[in-house]
Structures are given as structure tokens and as C-alpha cells.
Amino acid sequence: MSIDLHARCDDPVEAAAQALVDAIEPALRAQRAPGAQPCVRIALSGGSASKAWPIAARKLGEALSALRLTWVDERCVPVADASSNRGATHRISPARAAQELPLWLDDESPAEAVARVRSELRRWGAALDVTLLGMGADGHIASLFPGRAWDGELVRFVDDSPKPPPRRMTLTRDLLCTARASILLATGESKRTALMGLLAGDARLPAVGLPHLSLFTDLDLSSGSQA
Ligand code: 6PG
């Protein structure tokens, strides 16, 4: 599976934001059939990749009203907690999609969260259109970690994430694979080994084999050494 590689980007955050817009706009146009209610399903990462969202949201403007938005993963903490991905998205961008699907609600149990999110994702058609992903230095995306389970129906609860906090909700790899565009934004030297593994097709990494994957990075990945 080929990767659309954008290495040595001067401004990878801006480039990833533009890629998000470029993926969302045609999906919206394709749905503008007479009488149809356009609806593009997008899932956002937490962590540093989320910085692309406010830029994309500004560019999208009114098109936001045709988006259904969720997150590729969430930490099981109150939305007001500094580590909540949903809370962080709200803090960095005032823009709101027409519909938001939180992966975690305050005071919800993991079983309740899984049942609620699964049921809503089924209403969405059990598929996504566009994802914004980040990657950890260990090669994880969302809360899908090398050596751990990635499967399950649409969403799963993780109770022992190697990256804190330990309790998380994550979309499954199968669901991430339904997206027609996956935009991976990973910057900084700490991500080099994981990104080289991705380009080499290391099957231990959950991003390997994701269809329609575009990678945006400041790194020069033409060799293992620093640019
Ligand atoms: C999360 C993420 C996670 C993140 C990576 C990279 O909520 O933890 O969605 O998958 O994208 O851990 O995070 P950084 O870019 O901040 O290192």
C-alpha cells in the first residue's frame, strides 16, 4: 500500500490542515445531490497532530455545518481535564461541527461508553470519511499500540495504555481503515524510528497498510540520519 509522503515540510501543520480541507471538500461536493443532507464523517487525533484542526476548521468555514466529528481516541477523563482530547479540541478551536460524537462522557462506565459509541457509529454507517492521526514514538496511532489488540467492532476500551493516562477509548483499526483519506501528522526527531518503520512496512505498526494514507512531517526520511 503506497503512502503519499510529504517529508521535510517547512510547515507540516499547515500542510496537514490543507490536506484535511482538500479531503473534506470533495467528499462534501460528492454528497450535494438534490435533497441530500451532506455529512462528512471525520475523526481527530489528540496530541500534537491536533494542532492542524483549528487551521483546517478556519479554512472550512460554513462547511463545518456538514461535518460529523469524533475523535480517533479519547482518554477516560472528564472533558474539563487537561488531558481530554475533546476538551483540548474545544480549547484550541471555537469551531463546532454540526454533530459531535464524544468517545467518553463524564461519569460514564467503559461498557456504557462502548455501547453508546458503537450504536452511534452504526448510525453513521460504521465508516469514516477522513481521519487526522498522530503517531507516538513507539509507532502507536489513536490508542492502538504495537503488540496490543487493534480489532473489535468499531470502538474499544483500553485499560492499560502504555502512554498515560491508562484508561482510554479508541476507534479500532478496522474502522480507521474505512476512511477515504487518513492524514498522519508526525513531527520531531523522536518520531523518526517509527516513521522509518512505517515507510519500511513494519507490520507491528498499526498505521502500516492503512489505505489512502498521507504522511506530513518535518523530517527527512530518505535516510535514518538526522536531516
Ligand atoms: C492520544 C493520541 C495519540 C497521539 C500520539 C502522538 O490521544 O494520545 O491520539 O495517538 O496522536 O500519542 O502524540 P504526540 O504527537 O503528542 O506525541
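The values are calculated or read from the model by the stated rules, or taken from the named source; none is laboratory data. Everything numeric here is computed off the predicted structure, so don't read it as measured data. Don't worry about glycine lacking a Cβ; one is built from the backbone with ideal geometry, like all the others, and counts go over all protein chains shown. Just so you know, the surface numbers come from the protein's heavy atoms only, side chains and all, with ligands and any DNA or RNA stripped out. Shrake-Rupley method; radii C 1.70, N 1.55, O 1.52, S 1.80 Å.
Quick look at the numbers
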{"quantity": "Distance (nanometres) between label positions extended 7 Å along Cα→Cβ at ARG204 and ALA126", "calculated": "3.2"}
{"quantity": "Residue among ALA23, LEU213, GLY147 farthest towards the positive dipole end of the chain, charges placed on Cβ", "calculated": "ALA23"}
{"quantity": "Förster radius 25 Å - calculated FRET efficiency between SER2 and SER119 (Cβ-Cβ, nearest 0.05)", "calculated": "0.10"}
{"quantity": "The chain - percent relative contact order, Cα under 8 Å, separation 6 or more", "calculated": "26"}
{"quantity": "Computed E for GLU25/ASP159 - FRET, C-beta separation, R0 45 angstrom, nearest 0.05", "calculated": "0.70"}
{"quantity": "Cβ-based charge dipole, segment 73-227, positive-most Cα from ALA111, PRO166, ALA126", "calculated": "ALA126"}
{"quantity": "Listed residues SER83, SER109, SER50, most fluctuating in the chain (Gaussian network, C-alpha, under 10 Å)", "calculated": "SER109"}
{"quantity": "Residue among ALA30, ALA186, ALA98 with the largest mean-square fluctuation in a Gaussian network model of the chain, springs linking Cα atoms under 10 Å", "calculated": "ALA30"}
{"quantity": "Antiparallel bridges, percent of DSSP beta bridges restricted to segment 1-152 (to nearest 5)", "calculated": "10"}
{"quantity": "Local net charge near ASP160, Cβ-Cβ under 10 Å (Lys/Arg +1, Asp/Glu -1)", "calculated": "+2"}
{"quantity": "Accessible area of the chain divided out per residue, in Å², using a probe of 1.4 angstrom", "calculated": "43"}
{"quantity": "Spin-label model distance (nm) - ASP106 vs ASP81, 7 Å beyond Cα toward Cβ", "calculated": "1.3"}
{"quantity": "Size of charge dipole - segment 119-200 - debye, nearest 20, with Cβ of Lys, Arg +1 and Asp, Glu -1, no other charges", "calculated": "80"}
{"quantity": "Simple spin-label estimate for ASP151 and ASP220 in nanometres, 7 Å along Cα-Cβ", "calculated": "4.2"}
{"quantity": "Point-charge dipole on Cβ atoms (K/R +1, D/E -1) for segment 1-96, about Cα centre, debye to 20", "calculated": "320"}
{"quantity": "Cα centre as origin, Lys/Arg/Asp/Glu Cβ charges: the chain dipole, Debye", "calculated": "360"}
{"quantity": "Residues whose placed amide H lies under 5 Å from that of LEU184, excluding near-sequence neighbours", "calculated": "LEU133, SER214, LEU215, PHE216"}
